[in-house]
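**Student:** One structure coming up, written as structure tokens, with questions to follow.
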Amino acid sequence: MTQPTHAITRPNEALKHAMKATPLVLFLRTFFLYQIVRFVFINLRMLTMIWKSHG
């Protein structure tokens, strides 16, 4: 059986092309107030979907 020609031969090859997080993204990942607002928003969306399905 032959190896596919598109296989990554070196493990670091994929890391060269990986997307890097911007400073803003890194800040928002650790900013507590943003996480709370995001949590509430996601839960409200989930509740809306549940209410629509059970209504």
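**Student:** Could you work out how far apart the two model spin labels at Arg29 and Asn43 are, taking each label as a point 7 Å from the Cα in the direction of the beta carbon, and quote it in nm?
**Tutor:** Using points 7 Å along Cα→Cβ, the separation is 2.4 nm.
**Student:** Between Asn12 and Ile36, what is the label-point separation in nm under the 7 Å Cα-to-beta-carbon projection?
**Tutor:** Modelled inter-label distance: 4.3 nm.
**Student:** Moving to a separate point now. Please work out how much length the chain gains when fully extended from Ala21 to Trp51, using 0.36 nm per residue of separation minus the C-alpha to C-alpha distance, in nm with one decimal.
**Tutor:** So the chain would gain 7.2 nm between Ala21 and Trp51.
Taken together, the values in this text are just the output of simple stated rules run on the coordinates, not laboratory data. Remember, it's a predicted structure, so these values are computed and weren't measured experimentally. Because the Cβ atoms are built from the backbone with ideal geometry, glycine has one as well, and the counts that use them run over all protein chains shown.
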